[in-house]
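The values are calculated or read from the model by the stated rules, or taken from the named source; none is laboratory data. From a predicted model like this one, the values you see are computed outputs, not experimental measurements. In this analysis, Cβ positions are derived from the backbone assuming ideal geometry, glycine residues included, and neighbour counts consider all displayed protein chains. Note: areas computed on protein heavy atoms with side chains; ligands, DNA, RNA excluded. Shrake-Rupley method; radii C 1.70, N 1.55, O 1.52, S 1.80 Å.
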Amino acid sequence: MEIRVAKTAGFCFGVERAVEKVYEHADENKVYTYGPIIHNETVVADLKKKGVLVIESLEELKSMNEGTIIIRSHGVEKSIYDLIEEKGLKLVDATCPFVKKIHRIVYEESGKDNVIVIIGSDKHPEVEGIKGWCQNEPIVIETVQEAENLTIPEEKHICIVSQTTFNYKKFQDLVEIISKKGYDINVFNTICNATEERQTEARTISKEVDAMIVIGGRSSSNTQKLYEISKKECANTYYIQTLDDLDFKMFNESINSVGITAGASTPNNIIKEVHKGMSEMSFEQMLEESLVTIRNGEVVEGTIIDVKEDEIILNIGYKADGIITRSEYSNTPNIDLRNEVKVGDTMEAKVLKVNDGEGQVLLTYKRLAAEKGNKRLEEAFNNKEVLTAKVAQVLDGGLSVVVEEARVFIPASLVSDTYEKNLEKYAGQEIQFVISEFNPRKRRIIGDRKQLLVAEKAEKQKELFARINAGDTVEGTVKNVTDFGAFIDLGGADGLLHISEMSWGRVENPKKVFKVGDPVKVLIKSIDGDKIALSLKFEDQNPWLNADEKYAVGNVVTGKVARMTDFGAFVELEPGVDALLHVSQISKDHVEKPSDVLSVGQEITAKVVDFKKDDKKISLSVKALDTEKEVEAAEVTE
């Protein structure tokens, strides 16, 4: 019988680190873990024998006055840290670094009042811990139905994170559902790389074997995910915790090949026992054979045994150590590797040379990372996934972004849906894009931000036209100002505010009234197809509404000369209300032309001698007013 053991089976980095920390402190007096250190009953039972007890509730922690508290690998709420510090207890933080990263993300993003969406199991301790680092109320989603029912105010920005052990494909599906709702989202793929690789390997092996064994604790979320993935590909999939759970009667003559994988909280000794129980060859022998030779191009995993400023030394289980030089770790010049990794860390690398001339194995980290990044980009290309990445470099012809050490070029023509004269404003910014062309052999991986903006604008335009009607008052922002008017961004489409609709009065130059970026409240005058005509002539502000009272015949009024013709001058009494001062009414003396005695902008006082509201016509007379004053003066003299 052929037996295949997944290379990724067993303790991941975070779990191994957490367990080691507990054993390091096991000899101390009164050592506790807040909750089971990992989801594995065997490990927890062994620690209990060594005197390490489990704190099961917050009330139990509150009652303690001394001892060492070890935070489990799943992490806990921020309030637990505060309580331990407040009570003066010794704290040992064994939270997985990948989980700590999520804590930092949600704490910072929620501090910006962004809505936090956590994709994962609401009752899982890791998710409970993540929720406790949010500064506002988070939303937890695990199913397609929950994603489809998600409703968040449009003005809110959304930050999406994931439980580290969540099914990667399911995470993608849920993010896609949320993305289609048109929200402003920022997606952080916080699924642990080890989890993703373990799930991918389990899927691959289970497709190629007759039976599959998944080892792990019943309460282990990541083991349950492995079982679900394997079961989907191989009907003969069995979930066990230890060798005692394995029924050998299940393996009949038709079973010629068996695959074995294990969750991140499964100790290696249990995996060894299961393998040994199914094979005459021991687990140790199998590993030994796999380590006899290595080849150029092979991916190996090792533990860091020394770090220098420009060199990392790895124990890769081979007769010689592996070396990663600075140039093979990163493209960043003069990077100090001591600030990047530390002794005890595990990492994967690719073999460049089995013998570098000094008996050591020359490895590369950056090329392997780039290859993984390319796989990630290929998935995104095939799935039309929206990616988010920071602009690493502004080039002459576009932008360069890095996704998991793989570079993507976004041509200037695909950066925006409008012409961008200066791309420098994007330097260091996080942007969203899709992969429109993927050809790594020709080093041609092209990103496209434009199509996302076009699609977003089309969706906003559709939503805008569905809710607006002629006569509505809406708010917008001045987008552009021309000699004939201003274009107003209404949040989905632009409307034209023509110069003639900017005021009840006369506007000589729109650029003196508006500037780009000004907020403005406008009236929708008409909608013709995709054209929207706007106006600032609100009817309740129409100056002719009460003009018959203010400018009744006989009233004395004051205004400014707005313009002149040969037959008279037009006087602006208020914006939108002009009156004619005929040349014959300018003075008792003969006036040939109005411009002989008047000038534009001159303030004059005159008497209203005619008012026609329906025709919006008012006639003035300075002559009549002067005559009236002379009569009054003569009467006083007499």
field: Selection from the stretch 130-151 of residues that are closer than 17 Å to Glu109 by Cα and either in contact with a Lys or Arg (Cβ under 8 Å, 6 or more places away or on another chain) or of a type in the set (D, E, K, R) (or both)
entry: Lys131, Gly132, Trp133, Glu137, Pro138, Val140
- prompt: Given the structure, is Asn167 surrounded by 16 or more Cβ atoms within 10 Å (Cβ to Cβ), at pLDDT below 95 and over 18 Å from Ser73 (Cα atoms)?
  reply: yes
- prompt: What are the pairs, 6+ residues apart or on separate chains, where a residue within the stretch 423-446 that is over 15 Å from Lys390 (Cβ atoms) has its Cβ under 8 Å from a residue that is open to solvent by 40 Å² or more (accessible area, probe 1.4 Å) and of a type in the set (Gly, Ala, Ser)?
  reply: Ile446/Ser436
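How many residues does the stretch 198-221 hold that are among the polar types (S, T, N, Q) and either outside any helix (DSSP H, G or I) or open to solvent by 20 Å² or more (accessible area, probe 1.4 Å) (or both)? Spell out how you get there, then give the answer.
Of the stretch 198-221, the ones among the polar types (S, T, N, Q) are 199-200, 204, 206, 219-221.
Then keep just the ones that are either outside any helix (DSSP H, G or I) or open to solvent by 20 Å² or more (accessible area, probe 1.4 Å) (or both); that gives 200, 204, 219-220.
Total satisfying the criteria: 4.
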field: Unmet criterion (only one of (1) under 30 Å from Lys21 (Cα atoms); (2) surrounded by fewer than 17 Cβ atoms within 10 Å (Cβ to Cβ); (3) in contact (Cβ under 8 Å) with a residue 40 or more places away in the chain) for Lys112
entry: (1)
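Does Lys617 fit the bill of being over 25 Å from Asp489 (Cβ atoms), without any contact (Cβ under 8 Å) to a residue 60 or more places away in the chain, loosely packed, with under 12 Cβ neighbours inside 10 Å and in contact with a strand residue (DSSP E or B) (Cβ under 8 Å, 6 or more places away or on another chain)? Reasoning before the result, please.
Details: over 25 Å from Asp489 (Cβ atoms): yes; without any contact (Cβ under 8 Å) to a residue 60 or more places away in the chain: yes; loosely packed, with under 12 Cβ neighbours inside 10 Å: no; in contact with a strand residue (DSSP E or B) (Cβ under 8 Å, 6 or more places away or on another chain): yes.
It is false that Lys617 is over 25 Å from Asp489 (Cβ atoms), without any contact (Cβ under 8 Å) to a residue 60 or more places away in the chain, loosely packed, with under 12 Cβ neighbours inside 10 Å and in contact with a strand residue (DSSP E or B) (Cβ under 8 Å, 6 or more places away or on another chain).
Could you list, in sequence order, the residues of the stretch 67-78 that are touching a helix residue (DSSP H, G or I) at 6+ places or on another chain (Cβ under 9 Å) and not polar (S, T, N, Q)? Spell out how you get there, then give the answer.
The first filter runs over the stretch 67-78 and keeps only residues touching a helix residue (DSSP H, G or I) at 6+ places or on another chain (Cβ under 9 Å), leaving 68-78.
If the condition is that a residue be touching a helix residue (DSSP H, G or I) at 6+ places or on another chain (Cβ under 9 Å) and not polar (S, T, N, Q), then Ile69, Ile70, Ile71, Arg72, His74, Gly75, Val76, Glu77, Lys78 are the ones that fit.
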message: Kindly evaluate Ala380 against the criterion of being surrounded by 15 or more Cβ atoms within 10 Å (Cβ to Cβ), closer than 29 Å to Gln393 by Cα, of a type in the set (Gly, Ala, Ser) and in contact (Cβ under 8 Å) with a residue 40 or more places away in the chain.
response: yes
- prompt: Does the stretch 319-340 hold any residues that are within 19 Å of Glu404 (Cα to Cα) and crowded, with 16+ Cβ neighbours inside 10 Å, and which are they?
  reply: Ile324, Arg326, Glu328, Tyr329, Leu337
field: From Val622, Val577, Val591, Val556, residue being closer than 30 Å to Phe514 by Cα, among the β-branched types (Val, Ile, Thr) and either touching a strand residue (DSSP E or B) at 6+ places or on another chain (Cβ under 9 Å) or surrounded by 12 or more Cβ atoms within 10 Å (Cβ to Cβ) (or both)
entry: Val577
- prompt: From the set of residues in the stretch 1-45 that are free of Cβ contacts under 8 Å to residues at least 12 places away in the same chain and open to solvent by less than 60 Å² (accessible area, probe 1.4 Å), which is farthest from Met347 (Cα to Cα)?
  reply: Ala45
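Looking at the stretch 537-549, which of the residues that are without any contact (Cβ under 8 Å) to a residue 12 or more places away in the chain and of a type outside the set (Asp, Glu) is surrounded by the fewest Cβ atoms within 10 Å (Cβ to Cβ)?
The first filter runs over the stretch 537-549 and keeps only residues without any contact (Cβ under 8 Å) to a residue 12 or more places away in the chain, leaving 539-540, 545-546, 549.
Now drop any that are not of a type outside the set (Asp, Glu), which leaves 545-546.
Details: Leu545: 11, Asn546: 9.
Step by step, filter the stretch 537-549, then rank; the result is Asn546.
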task: Identify all residues within the stretch 46-70 that are buried (at least 19 other Cβ atoms within 10 Å of the Cβ) and out of contact with any strand residue (DSSP E or B) (no Cβ under 6 Å at 6 or more places or on another chain); write none if there are none.
output: Leu47
- request: Test each condition in (1) open to solvent by 60 Å² or more (accessible area, probe 1.4 Å); (2) within 21 Å of Asp489 (Cα to Cα); (3) among the polar types (S, T, N, Q) for Ser416 and report the one that comes out false.
  value: (1)
query: Restricting attention to the stretch 516-536, which residues are surrounded by 15 or more Cβ atoms within 10 Å (Cβ to Cβ) and of a type outside the set (S, T, N, Q)?
result: Val520, Val522, Leu523, Ile524, Lys525, Ile527, Ile532, Ala533, Leu534, Leu536
